[in-house]
1. Would you say residue 148 is modelled with pLDDT of 90 or more, part of a helix (DSSP H, G or I) and more than 30 Å from residue 65 (Cα to Cα)?
2. Taking residue 214, is it outside any loop (DSSP other than H, G, I, E, B), within 13 Å of the chain's Cα centre (by Cα) and surrounded by fewer than 23 Cβ atoms within 10 Å (Cβ to Cβ)?
3. Count, please, the residues in region 222-273 that happen to be assigned to a loop (DSSP other than H, G, I, E, B), among the β-branched types (Val, Ile, Thr) and at pLDDT 95 or above.
4. Pull out all pairs, ordered by first then second residue, where Cβ-Cβ is under 7 Å, the residues are six or more apart or on different chains, the first lies in region 65-80 and is part of a helix (DSSP H, G or I), and the second is at pLDDT below 95.
5. For residue 208, state whether it is under 18 Å from residue 130 (Cα atoms) and without any contact (Cβ under 8 Å) to a residue 60 or more places away in the chain.
6. Under 6 Å by Cβ, and 6 or more places apart or on different chains, what pairs join a residue from region 107-130 that is surrounded by 18 or more Cβ atoms within 10 Å (Cβ to Cβ) with one that is acidic (Asp, Glu) and assigned to a helix (DSSP H, G or I)?
7. Hey, does region 192-204 have a residue that's under 12 Å from residue 239 (Cα atoms), touching a residue at least 40 places away in the same chain (Cβ under 8 Å) and crowded, with 22+ Cβ neighbours inside 10 Å?
8. Answer yes or no as to whether residue 69 is at pLDDT below 95 and either outside the structural domain of residue 220 (by TED's automatic domain parsing) or surrounded by 15 or more Cβ atoms within 10 Å (Cβ to Cβ) (or both).
Amino acid sequence: MGYRIGIIAGKGRITEIVINEAKKRGFFTVVAGIRNYTDSKLEAISDEFIWFEPEEFLNLIDFLKKNKIRDLILTGKINYSLIDRLQNKNRIVLSLINELSDKKPYSLFLLLKNYLMKFNFKIKNIKLLLKDYFPEERVFTNDMPSKKILEDIKFGWRIAKRIASLDIGQTVVVKEKAVIAVEGMEGTDETIIRAGKLAGKGIVVVKVGRPYQDMRFDVPVVGFSTVEKIASVKGKCLCIEAEKTIFLDQDKVISYANNNDICVIALKQKSILLGEKV
């Protein structure tokens, strides 16, 4: 049967990509989708699949054990409305959450990890399946950002790293060295739209990983919808952190960005491309 991988799927197209990448490697995919939340197409592409309600956590554990799963990948977005639903309906989750000093996303992921470890499950690094989706440092689009945009990138980077360290969000939107919007629970796309309404054209979007990013949990993701939202508000640039950000739809994004005069760039904290620390 080969290597068996369990996948607990949240929201977003990345869940489909993770399953397909696992199957390309010959893995047997055992997938759990959250009813009325996860994309329904996942059932058709998985080797084994279960729909579960958030309050049916023990059913999920039984399903994974029945399918001889030890290694798990957590993928896709989990929003606060689902977390709120969990704690209102699930006695196990409620008792665990009451042990936390806060409900920041990273705290909740650690809570889930510790709970699953009690059943001898191991959470794997997402790079096991998506290594090729983490780009190196480079300019993707035709031209290097202008000096003005680079100044905004460096300004936004420092702010983004600070909010990421506080587990607030991983994206900031800046313009002319002013912070226009900071990502909260709403996600990157909504943050961009909000920033466009506030500041008009010319915004710069910076998305980074946490200073000590755990590649098993809540890894930053960008894709076509990200650059499409930037274009809709006439933004000028998307900067991501190299080697720490999942970049989906790369060819499609690059073509679209070039056609809409948007620069897309990946930088490292100690940037060889810029010859300085960002």
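The values are calculated or read from the model by the stated rules, or taken from the named source; none is laboratory data. Keep in mind that what you see is a predicted model, and the values were worked out from it rather than measured. Don't worry about glycine lacking a Cβ; one is built from the backbone with ideal geometry, like all the others, and counts go over all protein chains shown.
1. Here the answer is yes, as residue 148 does meet what is asked.
2. no
3. Qualifying residue count for the region: 3.
4. Note: pairs meeting the criteria are 80/185.
5. Spelling it out, residue 208 is indeed under 18 Å from residue 130 (Cα atoms) and without any contact (Cβ under 8 Å) to a residue 60 or more places away in the chain.
6. Going by the 6 Å Cβ cut-off, the qualifying pairs are 129/21.
7. Scanning region 192-204, I find at least one residue that is under 12 Å from residue 239 (Cα atoms), touching a residue at least 40 places away in the same chain (Cβ under 8 Å) and crowded, with 22+ Cβ neighbours inside 10 Å, so the answer is yes.
8. Considered against the rule, which asks whether it is at pLDDT below 95 and either outside the structural domain of residue 220 (by TED's automatic domain parsing) or surrounded by 15 or more Cβ atoms within 10 Å (Cβ to Cβ) (or both), residue 69 comes out as no.
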